[in-house]
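Working notes for the structure below.
The values are calculated or read from the model by the stated rules, or taken from the named source; none is laboratory data. Treat the numbers as computed from the prediction; the structure is a model and nothing was measured. Glycine gets a Cβ as well: all are built from the backbone with ideal geometry, and neighbour counts include every protein chain shown.
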Amino acid sequence: MSDARSPAQIEADIITRREQLAVVLDEIGVRVHPKTIIGDAKAKAAEAVDRTAGRAFVAVNRTVSDVRARFVTEDGAPRLERVIPVALVAVGVVGLLTVSARRRRK
């Protein structure tokens, strides 16, 4: 039961370790290559943009749904008690802007 290894076993261990080291060095070379770094940065940026765009979409969709709920009933009928005042205000603002624009031209 000796722990002594033969020269052939030592040489086989050295060869195995060299091969493992070569694989590790190849992986490091790929990871630190400029194209890999740029690709990773692009992927992270695209992911951040997608995440932000998704959050923005959800926020806008929620806001539109909230506004729609204020002006339309659950069955889809307009709430005239809310639609008519808003429409009158919009017409008034457009009228004021039109009058103001005409005065500036003269």
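Has the range 25-39 got any residue that is more than 22 Å from the chain's Cα centre (by Cα), surrounded by 10 or more Cβ atoms within 10 Å (Cβ to Cβ) and outside any helix (DSSP H, G or I)? Checked the range 25-39: at least one residue is more than 22 Å from the chain's Cα centre (by Cα), surrounded by 10 or more Cβ atoms within 10 Å (Cβ to Cβ) and outside any helix (DSSP H, G or I).
Matching residues to (1) out of contact with any Lys or Arg (no Cβ under 8 Å at 6 or more places or on another chain); (2) among the hydroxyl-bearing types (Ser, Thr, Tyr); (3) modelled with pLDDT under 95:
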| position | (1), (2), (3) |
| --- | --- |
| GLU47 | yes, no, no |
| ALA56 | yes, no, no |
| GLU74 | yes, no, yes |
| ARG82 | no, no, yes |
| PRO85 | yes, no, yes |
| VAL99 | yes, no, yes |
| ARG102 | yes, no, yes |
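Looking for something surrounded by 10 or more Cβ atoms within 10 Å (Cβ to Cβ), under 30 Å from VAL30 (Cβ atoms) and under 25 Å from the mean Cα position of the chain (by Cα) - is there at least one such residue anywhere in the range 52-63? Yes, the range 52-63 contains a residue that is surrounded by 10 or more Cβ atoms within 10 Å (Cβ to Cβ), under 30 Å from VAL30 (Cβ atoms) and under 25 Å from the mean Cα position of the chain (by Cα).
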